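Engineer: Before we start, here is the structure in question, set down as C-alpha cells.
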Amino acid sequence: MYAQEVKSTGKGVKSLDEMDPQERAFQERIDADIKIEPKEWMPDGYRKTLIRQISQHAHSEIVGQLPEGNWITRAPTLDRKAILLAKVQDEAGHGLYLYCAAETLGVSRDQMTEDLLSGKAKYSSIFNYPTLTWADIGAIGWLVDGAAIMNQVPIQRCSFGPYSRAMIRVCKEESFHQRQGYDIMIKLANGTNAQKEMAQDALNRWWHPSLMMFGPPDDQSVHSAQSMAWKIKMNTNDELRQKFVDETVPQAEYLGLTVPDPDLKWNEERGHYDFGELDWNEFYEVIKGNGPCNRERLEARQRAWTDGAWFREGLVAHAEKRASRVAAE
Amino acid sequence: MDDNSVHELALRMGDNCLILGQGLSAWCGHAPALEEDIALANIALDLIGQTKHWLGLAADLSSEKKTADDLAFLRDVREFKNCLLVEQSNGDYGNTLMRQFLFDAWHYPVLEALVKSSDKRIADIAEKSIKEVTYHLERSTDLVIRLGDGSAESNKRMQGALNRLWRYTGELTEPDSIDDALADSGIAPDLGEIRKKHTQYLAAALREAMLTIPDGEQMQSGGKRGLHTEGFGYLLGEMQVLQRSNPGAKW
Amino acid sequence: MSSEWPLWEIFIRGQHGLSHRHVGSLHAPDAEMAINNARDVYTRRAEGVSIWAVKASDVVASAPGEKGPLFDPANSKVYRHPTFFDIPKEVGKM
C-alpha cells in the first residue's frame, strides 16, 4: 500500500511466554486493544518499524501530489480545477499529519525529508507512473485512492495512538477523493468517443499498478506477521487486494469499461473474483527506483526543498530578530 | 448605466482572479514547506471560487449564451482583460509572494469599495470575496515583511522581485473610459482614490520590510485592452488545452 | 545551517461554547505564523472559531508511569458524580 515494503526489525513473532515482563505487559495491552502513546515504553523494533511505516506513508502522500498536481493547471473546467487542487492540497495535509505522528517517536521531519531525498526512504510504487491524459486523474482517484482508502480504514484502529488519530483525520477528509475520481470517469465514459477511449486507456494502464499497491503476495511478505501482532498492520496484502478487486470490477462494468485482465472471472465457489498473476518483477524494479518516473519525482521534491531553503531560513532569521527585539524591550 | 460596462468590470475582476489562481495552483506540490504548500493552495482555491462568481456574472450579461467555463477556456489572448501583474510568471517563491502582495494590496481596497456598489450583483460578489481577500492581504504582507527583514539572502530575493514587478503596479489604478463611467454611476470606485490607498499601503509595508521601491521605473500597461505580455499565450495554451482539443465535450 | 522550524501543538475551538481541543501539530518559525499555518492546515473545512498554538517543547506532560497515582484517586471520590446520590422521586428534578 502506501507503505508497501516496511522492513520490520522484530526477529519473528515471540510468544508471550518468551517475553520479559515489560514486553509482555506491552503486548498484552495491544492484545486488549489499548492504544500505545508516544512516551510509553515500547520495544525498539516496534518504534523503528512504526517510524519506517509512518514515514513511508507520509512520503507517499507528498510524492503522490506530483502525478495529479501535473494536471491542475490543465483541468478542463473551473470546478474540476478547484476540486483537483483541493484534493492534492489534502494530500499535502495528510503527509503533514503523518510526519507529525512519526515525530512523536523521536525523528524530526527534516530527517525524514533528507531520507526521502537521498533515496534511502521508500514511498508507494504507484506514484512512479506518469499521468498522460486527463482520464488518468479520474483513474487515480477511483483506483489509487480507492486502494488507499481500503488500506487506511483499518489502520484507524492500529495500536499506536498518534498514527491511529492521524488516520482517522485522513479517512474523514479522503472520503471525497475516490468519488471525485469516479465522477470524472463517469463523465468520460458517457462522453465522446475520444473521451471513452481515454477512459479505457487509463484503466488499462492503472489497473495492474493499483493492484500492486497492496504489496507483494502474502507468501513473499516476510515482515507481516510481526506487524500484525503489533497491530500496526491489520490485514494481509492478499486479503485487501482481493477485496479491492471484488469491489472495483462491478464499478468498471457500470462504466462500460473492460478490466484489462483475461483471467478475471467470478468464482462462484469462493464468492470472489479470480484474477491473473501480477508482474512482481516490475513491482520490485519500481520500488528499487527503476520505474518510469522515479527520477523525476525525486528531482521535483529535491528542487522544492533546495530552492525553498532560503525561504525557510529567511523566516527563521526574521523570527530570531523579532524575538531579540522583544527581549530588548 | 448600460450592462456593457458592468460586463467589462466582471471580466476584468474575473480574469485577474483566474490568471493569478492559475499561477498559484502550479505551486501545489512544489512549495518550500508543507505548511506553505497548503496555505498557498487555499489562496488559489479562493481565487478560483471568485473567478466563478465574476465570470458567471460576465457570462450572464453576454449577448450569446455562455458559461463561466466558456469564458475561461475558449477566449484568446486579446479577449482577456486581466492586468499584466497577475500574468507574470511565478519565478521563485519570493517572486510569487511579491506578485501576490502587490495584487492583494490593490484587490482589497477595490473590493472594499465594490461592497458598496450601486449594482447589487457586483456588491454581492464583493461581499463574498472580501473576507477571503482580507486574509490574503494579511498573509502576503506578513510574509513580505518577514522575508524582506529576514536574512541577507531573503532580502536580496524580495528586493529583486520588487524591482522586477514594480512596473506592473501602475496599471492597476490607471483608469480608462469604462472605469470613469463605472465610477460616475457609483458602480465601481474612483481609481484615483484606490491609487492613494494602494500607494500608501505599499509604501508603509515595504518600509517595514526594509525594501526600496525602485526609482523612475517606466510603468507598463495594456491588460484592460487585451494587450498582454508574451508569456501569456503559453499560460492560456496550457490552461485551455483540453477544451480546445475536444470541442463540445463535457467534463 | 540548521533551520528546522519548531514544532507547535494546535488546539482548536470547533464551535462557540466548546473548549479547545488538540487537533494535531505543525511546524512554523514563530507563534504568529503557527496560528496562520494552523488556520490553513487544520481549518480547511471550516472547522474552527478559535486557535491556540503551543510550542511542543513547552508542553509539560505527565509521565505514563504516573498514570496510576495521578488519576486513580479521583476514581475513589465517587461522591463527585451526581449519580452517587439517590434523591427521592417525590423531590422532583434536581
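Engineer: Pairs of alpha-carbon atoms within less than 8 angstrom and 6+ residues apart define the contacts here; what relative contact order does segment A:91-166 have, in percent?
Structural biologist: Relative contact order here is 39 percent.
Engineer: Calculate, axis by axis, the spread of Cα positions in segment A:4-126 along the three principal axes, and write the results as whole Å, longest axis first.
Structural biologist: 62, 31, 23
Engineer: I've got another one for you. Go through B:112-123, A:57-68 and give me the packing order, highest mean Cβ count within 10 Å leading.
Structural biologist: Top of the packing list down: A:57-68, B:112-123.
Engineer: Mind checking the mean number of beta-carbon atoms from other chains within 10 Å of the Cβ atoms in B:40-53?
Structural biologist: Mean partner shielding for this stretch: 4.
Engineer: Could you list which residues have their amide H under 5 Å from that of A:Phe160, counting only those 5 or more apart in sequence or on another chain, with H placed in the peptide plane?
Structural biologist: Correct list: A:Ile36.
Engineer: Right, next: Using +1 at the Cβ of each Lys and Arg and -1 at the Cβ of each Asp and Glu in the protein assembly as shown, identify which of A:Ala300, A:Tyr163, B:Ala204 lies farthest towards the dipole's positive end.
Structural biologist: Farthest along the dipole direction, towards plus: B:Ala204.
Engineer: Same structure again: In terms of the Cα gyration tensor, with a ≥ b ≥ c the square roots of its eigenvalues, is segment A:156-279 rounded because a/c is under 1.5, prolate because a/b exceeds b/c, or oblate? Walk me through the numbers on the way to the answer.
Structural biologist: Values: a/c = 2.52, a/b = 1.45, b/c = 1.74.
Oblate, since a/c reaches 1.5 and b/c is not below a/b.
Engineer: Give me the dipole magnitude in Debye, nearest 20, for segment A:116-264 about the Cα centre, with unit charges on the beta carbon: positive for Lys and Arg, negative for Asp and Glu.
Structural biologist: 760
Engineer: What does the charge dipole of segment B:6-83 about its Cα centre add up to, to the nearest 20 debye, if the Cβ of each Lys and Arg holds +1 and the Cβ of each Asp and Glu holds -1?
Structural biologist: 260
Engineer: Among B:Ile178, B:Pro189, B:Tyr135, whose Cα lies farthest out toward the positive end of the dipole of segment B:119-192, if unit charges sit on the beta carbon of Lys, Arg (+1) and Asp, Glu (-1)?
Structural biologist: Among B:Ile178, B:Pro189, B:Tyr135, the one farthest towards the positive end of the dipole of segment B:119-192 is B:Tyr135.
Engineer: Using the Karplus curve 6.51 cos²θ - 1.76 cosθ + 1.60 with θ = phi - 60°, work out ³J(HN,Hα) for each residue of segment A:232-237 in order, rounded to whole Hz, and write x for Gly and Pro.
Structural biologist: So the Karplus estimates, Gly and Pro as x, are 10, 9, 9, 9, 7, 4 Hz.
Engineer: If Rh is defined by the Kirkwood formula over all Cα pairs and Rg also comes from Cα, what ratio Rg/Rh do you get for segment A:76-219?
Structural biologist: Details: Rg = 16.7 Å, Rh = 16.7 Å.
A ratio of 1.01.
Engineer: Over segment B:1-67, what lengths in whole Å, largest first, do the semi-axes of the equivalent ellipsoid take, defined as the square roots of 5 times the eigenvalues of the alpha-carbon gyration tensor? Write down the numbers at each step before the final one.
Structural biologist: Details: eigenvalues 189, 17, 12 Å².
Taking √(5λ) for each Cα gyration eigenvalue gives 31, 9, 8 Å.
Engineer: Right, here's the next one. Can you give the calculated 222 nm mean residue ellipticity of chain A, where each DSSP H run of n ≥ 4 adds -39,500 (n - 2.57) and the sum is split over every residue, rounded to the nearest 500 deg cm²/dmol?
Structural biologist: Numbers: 14 runs with 202 residues, N = 329.
For chain A, the value works out to -20000 deg cm²/dmol.
Engineer: Rounded, prolate or oblate: which one fits chain A, using the alpha carbon gyration tensor with axes a ≥ b ≥ c (rounded when a/c is under 1.5, else prolate when a/b beats b/c, else oblate)? Mind showing how you got there, number by number?
Structural biologist: Values: a/c = 2.01, a/b = 1.15, b/c = 1.75.
It is oblate, given that a/c is not under 1.5 and a/b is not larger than b/c.
Engineer: Within 10 Å of each Cβ in peptide A:96-109, how many partner chain Cβ atoms are there on average? Round it to a whole number, please.
Structural biologist: Numbers: counts 12, 6, 0, 4, 10, 2, 0, 4, 3, 0, 0, 0, 4, 8.
Mean shielding by partner chains, rounded to a whole number: 4.
Engineer: Follow-up. Would you pull out the residues with amide H under 5 Å of A:His272's amide H, same chain only if 5 or more places away, H placed 1.01 Å from N?
Structural biologist: A:Asn267
Engineer: Given Cα positions, please report Rg to Rh for the protein assembly as shown, the hydrodynamic radius being the Kirkwood one.
Structural biologist: Working: Rg = 27.8 Å, Rh = 27.5 Å.
On the Cα set of the protein assembly as shown, Rg over Rh gives 1.01.
Engineer: Order these peptides, A:105-118, A:20-33, by their mean beta-carbon neighbour count within 10 angstrom, highest first.
Structural biologist: A:105-118, A:20-33
Engineer: Of C:Tyr42, A:Ser60, B:Val86, whose Cα points farthest to the positive end of the dipole of the protein assembly as shown (charges on the beta-carbon: +1 Lys, Arg; -1 Asp, Glu; origin at the Cα centre)?
Structural biologist: Highest projection toward the positive end goes to C:Tyr42.
Engineer: Among A:Val170, A:Val222, A:Val286, which one shows the highest mean-square fluctuation when chain A is modelled as a Gaussian network with alpha-carbon springs under 10 Å?
Structural biologist: With Cα springs under 10 Å in chain A, the top fluctuation among A:Val170, A:Val222, A:Val286 is at A:Val222.
Engineer: So, one more: Remind me, relative contact order of chain B in percent, using alpha carbon pairs under 8 angstrom and six or more residues apart? Don't jump to the answer; show the numbers that get you there.
Structural biologist: On the way: 332 pairs, mean separation 61.4, N = 251.
Worked out over chain B, it gives 24 percent.
Engineer: Okay, next question. From the square roots a ≥ b ≥ c of the eigenvalues of the alpha-carbon gyration tensor of segment B:44-124, which class results: rounded (a/c under 1.5), prolate (a/b over b/c), or oblate? Kindly include the intermediate steps, with their values, before the conclusion.
Structural biologist: Working: a/c = 2.36, a/b = 1.28, b/c = 1.84.
Oblate shape, in that a/c is at least 1.5 and b/c is the bigger or equal ratio.
Engineer: Hey, what angle do you get for helix B:34-61 against the long axis of chain B, alpha-carbon based, 0 to 90 degrees rounded to 10?
Structural biologist: For helix B:34-61, the angle is close to 30 degrees.
Engineer: Over the whole of B:236-246, what's the average partner chain Cβ count within 10 Å per residue? Rounded to a whole number, please.
Structural biologist: Across B:236-246, the average partner-chain Cβ count within 10 Å equals 3.
Engineer: To the nearest 20 debye, what is the magnitude of the charge dipole of the protein assembly as shown about its Cα centre, counting +1 on the Cβ of each Lys and Arg and -1 on the Cβ of each Asp and Glu?
Structural biologist: In debye, rounded to 20, the protein assembly as shown gives about 960.
Engineer: Starting from one equal scatterer on each C-alpha and no solvent at all, send me the Debye-based log10 I(q)/I(0) for segment B:71-186 at q = 0.09, 0.10, 0.15 Å⁻¹, two decimals.
Structural biologist: The Debye formula, applied to the Cα set alone, gives -0.31, -0.38, -0.80.
Engineer: Using only the Cα atoms of segment A:271-312, what do you get for the radius of gyration and for Dmax, in Å?
Structural biologist: Looking at segment A:271-312, its Cα Rg and Dmax stand at 17.6, 58 Å.
Engineer: With θ set to phi - 60°, apply the Karplus curve 6.51 cos²θ - 1.76 cosθ + 1.60 along segment A:94-105 and write out the HN-Hα couplings as whole Hz, x wherever there is a Gly or Pro.
Structural biologist: With coefficients 6.51, -1.76 and 1.60, one gets 5, x, 4, 4, 6, 4, 4, 4, 5, 4, 5, 8 Hz.
Engineer: Here is a follow-up. Starting at the first residue of segment B:198-207, write each ³J(HN,Hα) from the Karplus equation 6.51 cos²θ - 1.76 cosθ + 1.60 with θ = phi - 60°, in whole Hz, x for Gly and Pro.
Structural biologist: Along segment B:198-207, the couplings run 4, 4, 4, 4, 4, 4, 5, 5, 5, 4 Hz.
Engineer: Further, regarding this structure: Quick one: if the Förster radius is 56 Å, what FRET efficiency do A:Thr306 and C:Thr83 give, using the C-beta to C-beta distance and rounding to 0.05?
Structural biologist: FRET efficiency, A:Thr306 to C:Thr83: 0.35.
Engineer: With N denoting the number of residues in segment A:224-297, provide Rg(C-alpha) divided by 2.2 N^0.38 Å, to two decimal places. Intermediate results must be reported in sequence, preceding the final value.
Structural biologist: Values: Rg = 15.9 Å, N = 74, 2.2 N^0.38 = 11.3 Å.
Relative to the 2.2 N^0.38 Å estimate, segment A:224-297 comes out at 1.41.
Engineer: What number comes out for the charge environment of B:Lys81, summing +1 per Lys or Arg and -1 per Asp or Glu over other residues with Cβ under 13 Å away?
Structural biologist: Values: positive: B:Arg12, B:Arg75, B:Arg78, B:Lys224, B:Arg225; negative: B:Glu8, B:Asp15, B:Asp76, B:Glu79, B:Glu87, B:Glu171, B:Asp176, B:Asp179.
So the surrounding residues net to -3.
Engineer: Short version: what are the Cα gyration tensor semi-axes of segment B:155-251, square root of 5 times each eigenvalue, largest first, in whole Å?
Structural biologist: Each semi-axis is the square root of five times an eigenvalue, giving 31, 23, 12 Å.
Engineer: Please report, largest first and rounded to whole Å, the three semi-axes of the ellipsoid equivalent to chain B, where each semi-axis is the square root of five times an eigenvalue of the C-alpha gyration tensor.
Structural biologist: 28, 22, 16
Read-outs: derived from the displayed coordinates by stated rules, not from any lab. This structure is a prediction, so every number in the text was calculated from the model and none was measured. For neighbour counting, all protein chains shown are included, and Cβ atoms are generated from backbone atoms with ideal geometry for every residue, glycine included.
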